[in-house]
Amino acid sequence: MSENQKNLTPMLQQYMEIKNQHQGAILFYRLGDFYEMFFDDAIKASKILGITLTSRNSKADTDKVPLCGIPYHSSASYLAKLVRAGHKVAVCEQVEDPKEAKGIVKREVVRIITPGLVTDEQLLDDKNNLYIAAVIGPRKKTDTIWGISILDISTGEFLAGEFSSYETILDELARMTPSEILLPEKQLEDAEGLMATLSKQIGQILPAVCITSRADYDFHKDRAKELLLDHFRVANLAGFGCEQMKEGLSAAGALFAYINETQKTNLSHINKLSPIDLNDVLIIDESSRRNLEITQTIAGGTREGSLLATLDFTCTPMGARLLKKSLLFPIQNTERIIARHDTVEVLHKEASLRSSLRELLLKVYDIERLNSRIVLGSANARDLTALKHSLGQLPQLKELLSSAQGTILQTIHESMDSLTDICELLESSINEEAPVTLRDGKLIKTGYNAELDQINILLKNGKQLILDLENKEKEASGIAKLKIGFNKVFGYYFEVSKIQQVNVPDYFIRKQTLVNAERFITPELKEFENKVLGAQDKSLELEHALFCQIRSQLAEQSSRIMETASFLAELDLFASLAEAARRLKYVRPEINSGDTISISDGRHPVIECALPNGKFVPNDIHLDQSDNEVLIITGPNMAGKSTILRQTALIVLMAQVGSFVPATSAAIGVVDRIFTRVGAMDNLRQGQSTFMVEMNETANILNNATEKSLVILDEIGRGTSTFDGLSIAWAVTEELVNKNGTGVKTIFATHYHELTELSKTNKRIKNFNIGVREWNDTIIFLHKLLAGGTNRSYGIQVAALAGVPPHVIERANELLHNIEKGEFNQYGEPNIAQSKNDKKSGKPNQMALFAAANDPVHIKLENADPNQLTPMEALTLVYELKALSRAD
């Protein structure tokens, strides 16, 4: 003990001993009905929680110890604030009865709450998983394998995987968005290493994530595997499909060790380790997910306005989380996709079945998280009542599915456990009106336990029993004014006036003499006192013990409960997709293994919902690898080019999730990846300009796209000069149409009208434009995709529609006219600089600068062979000649 600690009271000394074991966490130290925080923890917590910072004395009265506290029964909201602020909290409870304690009550940390390890209902988002991840990089310079593991302790989902690049690891972290990531200490300390680079990149894509360094010992392969084998009680991990992993198991073992250390309780709800297998997944990288706004919007990062929010008609939190996971992990397997479509079609056609299923599912609570709290020992009586009500819907759900068509629905009907025994246990034991806390009684129903019933009868009838005993003694003694009283010093007693004391029976024992009365006790009264005074405590203790016993019985059935929860989530997902199809007028797409994507009257699922009914203009898209592989779309801003691009990608994504799609018909050849290069946003936090971001995304597409991919390009090259941008756009398009001899299905929206010339070089490139009609000096957007290119951008008309002042629009038209004339004026100045407001006089006319036969323009033309020029070279020559003709 340090000298400073010797000056502390015994209670504060205990606090410091426990705090020293949990330096990285704010310590919630239980004192009676409060959690107290002291010293730096109090200063820090009071600011975050907005509570009063006070102080208390140490042994030396002059030393003030900073202090703040919160009521234990309302701690959840305070915990939420601290965790969301990125802090860890160690919850320290009294682990012995203060009445029996000799000296300071014994206290222990019973759990540590971190940003990635939260199970309290008030701290969780129903519709989102809360993940924690662990990552280990290559241990040697010659190694290439990375290991990753991801866990949601609130549902028991546990994943592990191995990948050969940190870019893939980074993309998985961006997809799963964990709240906390464990990284090995030694690798993290190497500032030049890949792990340090990964950590920086994680901070940029997940700015709110908590990075926790862990000792390298936790990531030791043998120790990690041994820990997992011991938990799952298996001889090997082959049954989980993970036996061949090394680094993936190292990450999983490190993650599990951390959970064991922080939760200090049973973790049986984590009953399997699933491999992360991306071979059957439609891959959409982090940039493309963001551009397509699949789970959140680009502006603001909100769920509202995303594809997820549009499709979410789920009735349960479990179904909502599964829908999100399905959008993040679409599949490529044609048979599995068709089976999903079959299921959605059955529920779409059978309105009565769908409606009845959804009505029952609305009564189902979050069974996954209820089960986790049961196993972790944090579930209260209301959680168990919610579980009972949820399980009560299972018999009717199974009955509804008994005649349902479709392989998946039949499988759910046949395989889903009704859990009748668990429901009956809860029905017979848990009081519907039970309070939140477990120490206030009223947890257990009458009739469940005979001993508890007797105690409760005694408590309920205590007053009457006192009156009965009082009346009995009055009759036996003949003392009419005898009465029973109570005080904290003597307990229950008989009180008799001085006058009547001569009539007191022999078995009365004098206890106290007053001025006008005498107080007595009897063996029967003391026996009654012991029963009544102890009954309340006995009742509370017995109810708590019975409740914990019931909760333990449920924990033993965790795997059964979780399996049923997964079936319910699946059922909810398909019912939701069917409901979305009905409400939003979606159709079943045809799925095949071919190379064609053909969509008739396709609509953007999100934008359509934001517009008045019938206002969205649908469009057709046809892509194949024989005649329509690259579609170049030109047209003005605001006409709808980006919408058509995005809706095509989203329709393909929805189809491979198993959803119906917004179109009148659609035939989708399964794709392996969707790439997008959409929008232009600087990534200043990474020190990257718009153009660098654009080129990074373009490089990713060119390096990884296959003949089975779909590429969506919305402008390339706008972040640099016109010549550079056009050249890059042209070269990228050539690469996409020729890659690996087969090319890649691509839709390219551009303002470079020169790219329409590419269609003359390759029959698989087709030109389209967005229809526009001119009316007086303005334009009307038709939002319709038409065959053929256009050579106008209507930028000035769009500027006018946007409210640019008329005199600026007039000047812009004048400048455009000058540029299009492409001449020098009589003063030798470029025509672009001309203005009707110029007042030049007295300037002599200049001779033509380029009249001589040996001028640069003439030389260029002489050296050019039109028969040898490619379209791109010819286009470049025109620009060079134009520049030379204007040179001074």
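The values are calculated or read from the model by the stated rules, or taken from the named source; none is laboratory data. Only a predicted model underlies this, so the values are computations on that prediction, with no experimental measurement involved. Every residue, glycine among them, receives a Cβ derived from its backbone with ideal geometry; neighbour counts consider all protein chains shown. Note: areas computed on protein heavy atoms with side chains; ligands, DNA, RNA excluded. Shrake-Rupley method; radii C 1.70, N 1.55, O 1.52, S 1.80 Å.
Here are the numbers for this structure:
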| read-out | value |
| --- | --- |
| Single residue of 413, 389 found to be farther than 18 Å from residue 156 by Cβ and open to solvent by 70 Å² or more (accessible area, probe 1.4 Å) | 389 |
| Extreme residue, modelled with the highest pLDDT, among residues of segment 2-26 that are open to solvent by 10 Å² or more (accessible area, probe 1.4 Å) and either on the phi > 0 side of the Ramachandran plot or β-branched (Val, Ile, Thr) (or both) | 18 |
| The one condition in (1) closer than 23 Å to residue 184 by Cβ; (2) free of Cβ contacts under 8 Å to residues at least 24 places away in the same chain; (3) not in a helix (DSSP H, G or I) that residue 230 fails to fulfil | (3) |
| Output for segment 290-345, where each listed residue is closer than 14 Å to residue 657 by Cα, crowded, with 22+ Cβ neighbours inside 10 Å and hydroxyl-bearing (Ser, Thr, Tyr) | 343 |
| Residue within segment 527-536 that is in a helix (DSSP H, G or I) and among the acidic types (Asp, Glu) present | yes |
| Residues satisfying the stated conditions in segment 259-286, i.e. polar (S, T, N, Q) and touching a Ser or Thr at 6+ places or on another chain (Cβ under 7 Å) | 262, 268, 271 |
| Count of residues meeting criterion [part of a helix (DSSP H, G or I) and either open to solvent by less than 40 Å² (accessible area, probe 1.4 Å) or within 30 Å of residue 669 (Cβ to Cβ) (or both)] in segment 346-355 | 6 |
| Residue 122 open to solvent by 20 Å² or more (accessible area, probe 1.4 Å), part of a helix (DSSP H, G or I) and in contact with a strand residue (DSSP E or B) (Cβ under 8 Å, 6 or more places away or on another chain) | no |
| Options 397, 458, 425, 443; residue that is buried (at least 16 other Cβ atoms within 10 Å of the Cβ), modelled with pLDDT of 95 or more and closer than 30 Å to residue 535 by Cβ | 425 |
| Of residues in segment 493-543 being open to solvent by 40 Å² or more (accessible area, probe 1.4 Å) and under 55 Å from the mean Cα position of the chain (by Cα), the one farthest from residue 458 (Cα to Cα) | 541 |
| Hits in segment 468-490 (condition: touching a residue at least 12 places away in the same chain (Cβ under 8 Å), more than 14 Å from residue 504 (Cα to Cα) and either exposed (fewer than 15 other Cβ atoms within 10 Å of the Cβ) or basic (Lys, Arg) (or both)) | 485, 490 |
| Residue tally, condition open to solvent by less than 10 Å² (accessible area, probe 1.4 Å), part of a helix (DSSP H, G or I) and not aromatic (Phe, Trp, Tyr), over segment 258-282 | 2 |
| Options 163, 158: the member that is over 21 Å from the mean Cα position of the chain (by Cα), in contact (Cβ under 8 Å) with a residue 12 or more places away in the chain and crowded, with 16+ Cβ neighbours inside 10 Å | 163 |
| Qualifying residues in segment 40-58 (those that are closer than 19 Å to residue 8 by Cα and out of contact with any helix residue (DSSP H, G or I) (no Cβ under 8 Å at 6 or more places or on another chain)) - the one modelled with the lowest pLDDT | 57 |
| Total residues in segment 136-155, condition more than 27 Å from residue 373 (Cα to Cα) and crowded, with 19+ Cβ neighbours inside 10 Å | 4 |
| From the options 372, 326, residue that is within 30 Å of residue 280 (Cβ to Cβ), in a helix (DSSP H, G or I) and in contact with a His (Cβ under 8 Å, 6 or more places away or on another chain) | 372 |
| Neighbours by Cβ (under 8 Å, 6+ apart or cross-chain): first from segment 432-445, farther than 19 Å from residue 72 by Cα; second of a type in the set (Ser, Thr, Tyr) and open to solvent by less than 30 Å² (accessible area, probe 1.4 Å) | 432/385; 444/429; 445/429 |
| Answer from 740, 704 - the residue that is over 18 Å from residue 636 (Cα atoms), open to solvent by 20 Å² or more (accessible area, probe 1.4 Å), within 30 Å of the chain's Cα centre (by Cα) and touching a residue at least 12 places away in the same chain (Cβ under 8 Å) | 704 |
| Close pairs from segment 578-590: first more than 15 Å from residue 310 (Cβ to Cβ) and open to solvent by 10 Å² or more (accessible area, probe 1.4 Å), partner modelled with pLDDT of 95 or more and of a type in the set (S, T, N, Q), Cβ under 9 Å, at least 6 apart | 587/664; 587/665; 590/598; 590/665 |
| Residues satisfying the stated conditions in segment 27-45, i.e. surrounded by fewer than 23 Cβ atoms within 10 Å (Cβ to Cβ) and in contact with a Lys or Arg (Cβ under 7 Å, 6 or more places away or on another chain) | 30 |
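Residues are listed down the side, and each one gets a yes or a no for (1) open to solvent by 40 Å² or more (accessible area, probe 1.4 Å); (2) outside any helix (DSSP H, G or I); (3) of a type in the set (Ser, Thr, Tyr):
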| site | (1), (2), (3) |
| --- | --- |
| 170 | no, no, no |
| 175 | no, no, no |
| 183 | no, yes, no |
| 186 | yes, no, no |
| 192 | yes, yes, no |
| 195 | no, no, no |
| 201 | yes, no, no |
| 204 | yes, no, no |
